[in-house]
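Throughout, read-outs are computed from the coordinates displayed, never taken from laboratory work. Here the structure is a predicted model, which is why all the values come from computation and not from measurement. Positions of Cβ are backbone-derived with ideal geometry, glycine not excepted, and every protein chain shown enters the neighbour counts.
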Amino acid sequence: MIYFVLALILLHTCQAIPEFNDINILVVTDAHSWISKHIHDDHDPSLNADYGDIASAYLQLQSLAAESNSDIFLLNNGDHVEGSGLSDASVYTNGIHGYDIFPLIAMMPFDALNIGNHDLYDNSTVEYMTGESGFVDGWNGNYLTSNVYNATTNDNIGNTHTILKGKNSDTSILVFGFLYHQTDACTAVNVEDPADTVNSPWFLSALQEGIDAGVSAIIVLSHMDLKDDNVYVLQDAIRGYSDQIPELENIPLQFLTGHTHYRGWSKLDDYSSTFEAGHYLDTLGWISFSADPTSPTWFDFQYIDANLEELYNFTGTTEDTFDTDLGLSISSAIEATVDELGLRAILGCPPQDYSLGTSNSLYDLYMQQIIPLSVLDVRTGTGNTPWHLSSTGSLRYDIYEGEFYYDDVFAIAPFVNVFRYVADLSGEDLQTVVDNLSQTSNDSPIFTGLPKYVGGPDDIDPTLFYDLFFNDYDESYIVPAVEAVVGEDVVVVNWRDDSGADDFVDTTLCWAKSIPDLFPC
Ligand SMILES: [Zn+2]
């Protein structure tokens with residue numbers, strides 16, 4: 001028994017130095033601004049590595065790889081913002097998601113980056129990335145947006161593709177950066193359906209350019225699920241062009257996916273696979289394979305926890321030898337920004353955990369206490385019962401017993417959506433709306449075990465009349481559902497939608513305002 005437990009512990013904590021192959025890639029996806037270490041006990045082993053440590057791990061592996069004339073590439077698959085105060089606290093100072101974080105990400109030694117859907121919800125974020133911050137230009141052509149265009153100029157936001165060359169070997173890779181067909185992006189951009197993009201002349205030319213340059217593999221950064229339909233569309237298109245470029249039939253083809261926030265790998269054909277490496281910097285993904293197009297590719301992949309001990313083991317270093325100058329400078333810049341933004345200020349002391357799952361549910365707390373305390377506490381004047389409905393993609397992180405930090409507000413509710421309502425719905429109609437919405441799908445990527453929509457604070461009474469509250473992200477799903485049931489257009493009223501007012505709340509601020517009263521220390 002003792003040996004069994006020991007074996008489990010060893011399995012859990014040991015990562016051997018990887019074997020290098022022709023193509024070696026480290027990948028981070030869906031960091032959502034979790035570039036500082038996790039301070040709550042939310043993972044085993046603890047996630048005590050930050051972006052500076054990821055940079056050090058990469059540089060340490062690069063030196064190891066150089067000894068065997070191999071190369072490694074560090075790639076990022078997008079969704080940089082929306083998830084912690086480092087990205088989102090600035091919304092309350094200058095209105096821009098990402099204002100503080102893009103300069104920090106710019107310090108990272110990424111070889112290429114993709115764009116994510118969350119980077120595209122606000123015009124101000126896109127304008128900041130592409131404009132004054134110099135973020136996109138700073139990557140010198142390696143910020144990839146194969147199917148995302150500036151809506152005004154119709155130019156790609158970044159580059160369509162790039163060829164990365166190894167430093168120690170003659171390995172090179174052709175890299176694309178695709179986003180799923182996002183239809184709710186901000187007006188500053190147009191996202192093209194990947195099924196159309198693959199028919200663009202530039203796509204075939206890029207493949208030809210790669211083959212002419214002698215690339216050893218094609219990497220498709222894909223901000224979409226591991227098995228999204230578009231993965232197959234892209235695979236079919238690339239393999240299909242082998243009628244014009246024969247090398248495309250067997251060239252190793254690796255999809256680096258994301259968006260759905262889990263770990264997974266799947267083989268697509270003898271020479272291609274798809275790999276997703278977690279979220280919130282819980283995972284540094286490793287994938288490595290041979291560039292030999294004459295025999296089926298063996299893909300070696302690993303999920304390395306963003307845990308210092310695991311990074312030491314994976315890079316063959318120790319606490320004393322792991323750090324690099326670049327890594328240390330990134331870590332200290334991150335910590336300085338955390339301090340500047342006051343993200344470690346303690347707002348309250350919850351007596352228990354509240355989770356995104358079905359027990360001790362965070363959504364129960366949201367519906368029964370947070371919303372009634374901060375949104376429904378002032379009456380609309382109709383005399384109706386106020387009731388709130390939310391999709392279950394709205395909340396993103398658990399509450400932990402103990403200390404609740406200002407940063408936790410943004411981890412739980414990063415989206416800063418405002419509240420609106422529709423007045424005078426009968427209880428019967430409201431129940432039908434909720435039932436109908438529960439049948440439909442939304443694009444919430446978070447698996448919570450909960451229905452797609454939850455409401456409260458109480459069960460619906462069919463004999464009462466209600467004012468139905470929702471946030472402006474859910475509005476585009478909820479209002480059509482209401483109109484379908486009542487059979488006519490409805491009036492949507494803004495609720496405290498004036499950020500200058502003292503009693504203004506949005507989906508993020510309602511937590512900051514309620515937690516100190518609910519959970520005093
Ligand atoms: Zn994401």
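Could you tell me the calculated FRET efficiency between Tyr92 and Ala333, based on Cβ-Cβ distance and R0 = 30 angstrom, to the nearest 0.05?
0.90
For Arg420, Arg379, what's the fewest-to-most ordering of other Cβ within 10 Å of each Cβ?
By the 10 Å Cβ count, ascending: Arg379, Arg420.
For Gln244 and Asp170, compute 0.36 nm times the residue count separating them, minus their Cα-Cα distance, and round to one decimal in nm.
Extra length available between Gln244 and Asp170 comes to 24.1 nm.
At 7 Å along Cα-to-Cβ for each site, give me the label-to-label distance between Gln352 and Arg263 in nm.
Reported label-point gap for Gln352 and Arg263 is 3.0 nm.
How do 314-320, 111-117, 76-82, 475-481 rank on mean C-beta neighbours within 10 Å, highest first?
Result, highest mean first: 76-82, 111-117, 475-481, 314-320.
With everything on Cα atoms, drop me the angle between helix 509-518 and the longest principal axis of the chain, reported from 0 to 90° to the nearest 10.
The helix 509-518 is inclined about 70 degrees to the chain.
Kindly provide the pair-distance distribution of region 19-340 built from C-alpha pairs, with 20 Å bins from 0 and whole-percent values in order of increasing distance.
34, 59, 7
For Lys452 and Asp193 in one chain, what is 0.36 nm times their gap in residues minus the Cα-Cα distance, to one decimal in nm?
90.7 nm
For Cys521 and Glu488, FRET efficiency with R0 = 56 Å and r from the beta-carbon atoms, rounded to 0.05?
After rounding to 0.05, the efficiency reads 0.65.
State, to one decimal in nm, how far the label point of Ala16 lies from the label point of Leu464, with both points 7 Å from Cα in the Cβ direction.
About 6.3 nm, to one decimal.
How much FRET efficiency would the formula 1/(1 + (r/R0)^6) give for Asp424 and Arg344, where r is the Cβ-Cβ distance and R0 is 45 Å, rounded to 0.05?
Plugging the Cβ-Cβ distance into 1/(1 + (r/R0)^6) gives 0.50.
What 222 nm value per residue comes from the helices of the chain, counting each DSSP H run with n ≥ 4 as -39,500 (n - 2.57) and dividing by all residues, nearest 500 deg cm²/dmol?
After summing the helix terms and dividing by the residues of the chain, the value is -8000 deg cm²/dmol.
Give me the angle, in degrees from 0 to 90, between the Cα long axis of helix 475-486 and the longest principal axis of the Cα atoms of the chain, rounded to the nearest 10.
50 degrees
At a 10 Å Cβ-Cβ cut-off, how would you order Cys521, Cys510, fewest neighbours first?
So the ranking, lowest neighbour count to highest, is Cys521, Cys510.
Tell me, Trp265, Trp298 in order of fewest to most beta-carbon neighbours within 10 Å?
Fewest to most other Cβ atoms nearby, the residues stand as Trp298, Trp265.
Express the relative contact order of the chain as a whole percentage, based on alpha carbon pairs under 8 Å and six or more residues apart in sequence.
16 percent
Just to be sure I understand the model, the point goes 7 Å from the Cα along the line to the Cβ. What's the resulting Thr318 to Ser200 distance in nm?
Going from the Thr318 label point to the Ser200 one covers 5.2 nm.
How big is the antiparallel share of DSSP beta bridges in region 346-518, given as a percent to the nearest 5?
75 percent
Hey, got the dipole for region 346-518? About the Cα centre, +1 on K and R Cβ, -1 on D and E Cβ, debye to the nearest 20?
Approximately 200 debye in magnitude.
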